[in-house]
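Taking it in order: structure first as structure tokens, then the write-up.
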Amino acid sequence: ISSCVFVVRKDQDIYVQTLRKLFNESHGIFIGLQRSEEEFAGKSRKTQLVQVSKNYRSVIRACMEDMHQAAVSARDPALHSQYSTQVSILSAMELIWNLCEILFVEAAVAGPLLLRLLDWVRLHVCDVDNMVREVLSSENPSKHELFWNVVDVFVLQGRMDEARHLLSKEASANPTSVNMCRILDDLMKKMPVPSLGNTQTLTEMELKWQHWHEECQRYLQDGTFASNSHMESICKILLGDENAILEKKELMTTWYHFLVTRLLYSHPTVKPMELRFYAQSSMDLFLGGESSPEPLDTILMAAFEFEMHQVIKECSIALSNWWFVAHLTDLLDHCKLLQSHNLYFGSNMREFLLLEYASGLFSHYSLWQLGVDYFDHCPEYGRVYLELHIERIPLNTEQKALKVLRICEQRQMHEQVRSICKIMAMKALRNNRLGSALSWSIRAKDAAFATLISDRFLKDYCEKGCFSDLDLIDNLGPSMLLSDRLTFLGKYREFHRLYGEKRFSEAAKLLLMLMTAHIAPCSFWMTLLTDALPLLEQKEVIFSAEQTYELMRCLEDLTAGKSDKQKFQDDDVETMKVEMLRLALARNLARVIVKEGTLEGS
Amino acid sequence: MASPAPPGHAHCPASLSLLARRRRAAAANQQRRRQAGGRSRREVVVVAAARAMEDVCAKFVSQKVSKARWRPLPAAALQPPDIFATGSWDNEDNRISIWSVGDLGSVGLNGEYQGEPQLLCDIRHSGDVMDMQFLDQERVVVASSTGNVTIFRHHQNNQTLSTNQRWEKAHYHVDRSASCGGAACTGVICNNPEVVTVGEDGRINLLRADQKDAVRTIDNADSSTLHAVTFLRTTEILTVNSIGQLKIWDLRQQRNEPSQIFSLTGDRVPLHCVDRHPNQQHIVATGGQDGMLSIWDIRQGTMPVSLLNAHEAEMWEVHFHPSNPDHLFTCSEDGSLWHWDTSTSVAEKPSFLHQGGRSTTYFSHNTINQSLVSAWLSNDPTKDRMEITNLIPNQTLSVNSLDILGPCLVYGTDAEAIYVNRHLFA
């Protein structure tokens, strides 16, 4: 039998310190999205959703930059590689999200679609950036051995202005090629690009494209560039020659770069639904059967095929966190793209993923607070999940308990409110903090517990002869009515106050009322009667005749209730007390009869 | 300037570096209204202001921030504060951190990060940081949920933090020696070299920074939890507790009883924070569990002078502006931070509503004897005005702590972020 203990964690990435920024900042965006008004119709709603998507991406990017800084400054190689791995995961996440944003959220149409994809490739293919920087910063770029590579990179990414700028350097440095450079430059300048606005129709664009394409074809066929293989290959690229483009495989590094370049020079007005064919063939051509597609390739391919659910499924498998799929799915759901899909378990995919993510947050020592809002936005099971999770939050301080309590109270989770208050009241009781314990049970409206604590107070009083925690008992206010025993405690303390203030007749009335109205527990009657003794012995007569009879009846009720056997067991003190009371009552009665008789007579 | 984005993952064309810049888009003004709750309660109208938001820098710090405090300025300092301390809570590994918002980091990263707080140094702290106060320029006193009270020293020459003094389990339940016997220390206040602490154990400790043993301890000072403490005068302190009481303790007297008890009427709503007017010592502000702001005049009566319906959940802190006490700041569990301003000139503006350049509504109350009676104490809601601004437009999680010094505001949240505004009155 293996003696290992494994720590099983639901969502591994939750525990990465740097990623906590991602969770916290995206939480704000998520809440904003849920609150955002649905009444924005059509275009403005779409603009809003694209903005939300960009905000999510900027958070990923900010996190990536922090992680990169951490990797750079990490001295420990293991730590360095751990950070670097995280950077590449975040980078892949952003790559996928960006593509989903173009294809699903923004749903770019033929024309603008290509421009968006070009931006996407430029943003994410950055392996060549170092080379570009090196060549551009060299003294004489056109003599640099990598010069033509850089020109090719610009052409492959459709960065025509930059490519032309470099060509002009070649022209000035190499007089023999001036003419060739001028022609190529002219071709690049004239290349038609789809417009973002509605300034030209697709047909216009296609016509212009056809025309330009024929012009390129002419120059290639009449051998204008025959003497310069670099320029000839560029011309072939402009013509969309697949083999010429594939020759630059190293400069593109990925099949999706190849795809976008291919589209740029052969199908600039590609429609969203045609993407899948080009994507598949581009991947096949680029990988050439040498390597099999990796998870990232599969995910991107699914996106190009508009298989949204496949994208989410593959991401769930490939990524070590629920953050990505939960937030992406929620966004797509707000775009009204997922409605038709119901799972055979749970309610729907959005809710299922949000629940998974939020449960992960709740398993974390500190991030549980974020999880609450995610559960709130799961209409079907969110509440149940929250109820189950919130009770498991360890409550080490009252402040934390108050925060958890606030969450429950805002959501009318009465059961949980009661249980939290009970836990806190028990803790306070264990620590001998009767005042705090009572406060907690009053907050929970827990009558039974309030009775229990009141009994502790009374017991303390009987033992010590004075009250503890007067500041609390004197300020019970309406909460006194929570339990009978608490009411008695409050009233009994009031009696003591009145007595202390020498307001004897009020005190006497209250004392009697505590017994006759059966507010006082029977076990406490003897104490109350003993308390009446000093009042009976006052110089002035305080109890009226009627009140004295009542007191006598109370005393007799008390003694009569006890069996002979009990009486026998009672110690002498108790018997003496009863005797003293009887005597005091009789004397008081005598005095009051005289007094009342005199008053009536006069 | 060339983008300093690291190779390998980030090539940022202009449009996206703009995107990466992000940082708190100012939100549309949201108006929140709350109705007056009781007889003496005033209605308060608050407008979320976008104006101040451009000046706010945020930093996500990967820990929930329970306290944020500016380091005090040396006497006669002219420049605004530039160093603050934060404490975290509810982490497996809590920390005290010292931050700089000076020009130190302005040339460091991208231009857009200018003014973002830079971490100078930090140190582990056992337990949640429950409260924190600077003792002087170098030392900060920290209250812990473990019952410990610790003084940390910030060494400015080599930017390190070290423990200077510690009172183990200054607050404790029944058995101090038991491993878990500590009771959370909930509040601390300093008047160098004196330090006063209060806790869940209802105990008040009077400590001296240079003495290992407590100068004085009042056991069972309160039967409920003491939530906060502040100095009223050098020899008197104010405490608030979980059954809505405000108590004055005279430390010269040997009696272990408060010299005065004030309380909210009837409903026993717990009070969480207390602050005293810096110039008029009889004016005291407290914040409660229901988010209500109470103003007390401790010269008279036992009940608050005014109750102002404010936040929707616990008010965690209330602070008069130390040098400009017509301004008051409160923050709450509901994720809002309010700026209360009674300084607006009252004479000229006749109408209840003022259509100014800023979208702010004024609340009116009494102007009689304006020159004599502080605006905080007047309670005739007809003439005097109070301008209230919510400084956080998109509130989510709790704002646990705030501090103001000169024109600078710092606050920390459960969303693991710290925010600094250096042009509060701009």
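Considering the alpha-carbon set of segment B:233-354 alone, what are its Rg and its Dmax in angstrom?
Reported Rg and Dmax, both Å: 15.4, 54.
Of the DSSP beta bridges with both residues in the protein assembly as shown, give the percent that are antiparallel, rounding to the nearest 5.
Roughly 95 percent of the beta bridges in the protein assembly as shown run antiparallel, per DSSP.
Work out, step by step, the length gained on full extension between A:GLU290 and A:THR575: first 0.36 nm times the residue separation, then minus their alpha carbon distance; give nm to one decimal.
92.0 nm
As a test of the definition: which semi-axes, in Å, follow for segment A:218-268 when you take the square root of five times each eigenvalue of its alpha carbon gyration tensor? Largest first, please.
21, 13, 6
Amide H to amide H, which residues 5 or more places from B:THR186 or on other chains are under 5 Å from it, using H placed in the peptide plane?
It is B:VAL198, B:GLY199, B:GLU200, by chain and number.
Quote the FRET efficiency, to the nearest 0.05, computed for A:GLU537 versus B:THR265 with a Förster distance R0 of 35 Å and r equal to the Cβ-Cβ distance.
FRET efficiency, A:GLU537 to B:THR265: 0.35.
Mind checking the mean number of beta-carbon atoms from other chains within 10 Å of the Cβ atoms in B:238-244?
Rounded to a whole number, the mean comes out at 4.
What distance in nm lies between label points placed 7 Å from Cα along the C-beta direction at A:ARG456 and A:GLN200?
For A:ARG456 paired with A:GLN200, the spin-label model returns 8.4 nm.
Ignoring everything except DSSP H segments at least 4 long, calculate the 222 nm mean residue ellipticity for the protein assembly as shown; use -39,500 (n - 2.57) per segment, divide by total residues, nearest 500.
That calculation yields -13000 deg cm²/dmol at 222 nm.
Per q in 0.10, 0.15 1/Å, what log10 I(q)/I(0) does a Debye calculation on the alpha-carbon atoms of segment B:212-298 return?
Each listed q maps to, in turn, -0.24, -0.53.
Once the Cβ-Cβ distance between B:ASP93 and A:THR598 is put in as r, and R0 is 60 Å, what FRET efficiency do you end up with, to the nearest 0.05?
Efficiency, rounded to the nearest 0.05: 0.15.
According to the square roots a ≥ b ≥ c of the eigenvalues of the Cα gyration tensor, what is the shape class of chain A, taking rounded for a/c under 1.5, prolate for a/b larger than b/c otherwise, and oblate for the remainder?
Since a/c reaches 1.5 and a/b is larger than b/c, the shape of chain A is classed as prolate.
Which one of A:ILE237, A:THR261, A:ALA358 has its Cα pushed farthest toward the positive end of the charge dipole of the protein assembly as shown, where Lys and Arg give +1 and Asp and Glu give -1 at the Cβ?
A:ALA358
Taking the Cα-to-Cβ direction at A:GLU247 and at A:SER227 and moving 7 Å from each Cα, how far apart do the two end points lie in nm?
1.9
In debye, nearest 20, what is the charge dipole magnitude of segment A:400-441 about its Cα centre with +1 on Lys and Arg Cβ and -1 on Asp and Glu Cβ, if you could check?
With Lys and Arg at +1 and Asp and Glu at -1, about 160 debye.
Determine, for each peptide in A:366-379, B:148-161, the mean count of other beta carbons within 10 angstrom over its residues, then list the peptides with the highest first.
Highest to lowest by the protection proxy: A:366-379, B:148-161.
Once a ≥ b ≥ c are taken as the square roots of the eigenvalues of the Cα gyration tensor of segment A:185-342, is the result rounded (a/c under 1.5), prolate (a/b larger than b/c) or oblate (a/b not larger than b/c)?
Cα axes put segment A:185-342 in the oblate bin.
What is the mean number of Cβ atoms from other protein chains located within 10 Å of the Cβ atom of each residue in peptide A:405-413, rounded to a whole number?
Counting Cβ atoms of other protein chains within 10 Å of each residue's Cβ and averaging gives 2.
Per residue of A:24-34, what is the mean number of Cβ atoms on other protein chains within 10 angstrom of that residue's Cβ?
Mean shielding by partner chains, rounded to a whole number: 4.
Please give me, ordered by residue number, the trypsin sites (Lys or Arg not before Pro) of segment B:264-306 that lie in loop per DSSP and have at most 12 other Cβ atoms within 10 Å.
Here the trypsin sites (Lys or Arg not before Pro) that fit, given the DSSP loop and packing criteria, are B:ARG299.
Restricting attention to segment A:276-324, which GluC sites (Glu not before Pro) occupy a DSSP loop and are surrounded by at most 12 other Cβ atoms within 10 Å?
Hits after loop and neighbour filter: A:GLU290.
Can you list which of the GluC sites (Glu not before Pro) found in segment A:142-194 are DSSP loop residues with at most 12 other C-beta atoms within 10 Å?
Passing sites in segment A:142-194 are A:GLU145.
If every alpha-carbon in the protein assembly as shown counts as one equal scatterer, what log10 I(q)/I(0) does Debye give at q = 0.04, 0.10 1/Å?
At q = 0.04, 0.10 Å⁻¹ the computed log10 ratios are -0.30, -1.23.
Along the positive direction of the dipole of chain A (beta-carbon charges: Lys, Arg +1; Asp, Glu -1; about the Cα centre), which of A:TRP120, A:LEU167, A:LEU583 reaches farthest?
Looking along the dipole axis, the top candidate is A:LEU583.
How long is the gain from A:TYR15 to A:HIS211 if the chain were fully straight, where each residue apart is worth 0.36 nm and the alpha carbon distance is subtracted?
64.8 nm
Across segment A:116-133, in residue order, what do the Karplus-derived ³J(HN,Hα) couplings come to in whole Hz, using 6.51 cos²θ - 1.76 cosθ + 1.60 with θ = phi - 60° and x for Gly and Pro?
Result, ordered by residue: 5, 5, 5, 4, 4, 5, 4, 5, 9, 8, 10, 5, 8, 4, 4, 5, 4, 4 Hz.
Among all stretches of chain A without exposed trypsin sites (Lys or Arg not before Pro) (DSSP loop, at most 11 other Cβ atoms within 10 Å), which one is longest?
The segment A:76-335 is the longest one with no such site.
Test of understanding: what is the full-extension gain from A:GLU391 to A:THR527, defined as 0.36 nm times their sequence separation minus their Cα-Cα distance?
Gain on stretching A:GLU391 to A:THR527: 44.7 nm.
Every number in this text was worked out from the coordinates using simple rules, so none of it is lab data. A quick note: this is a predicted structure, and the numbers were derived from the prediction, not measured. So basically every Cβ, Gly included, is an ideal-geometry build from the backbone, and we count neighbours across all protein chains shown.
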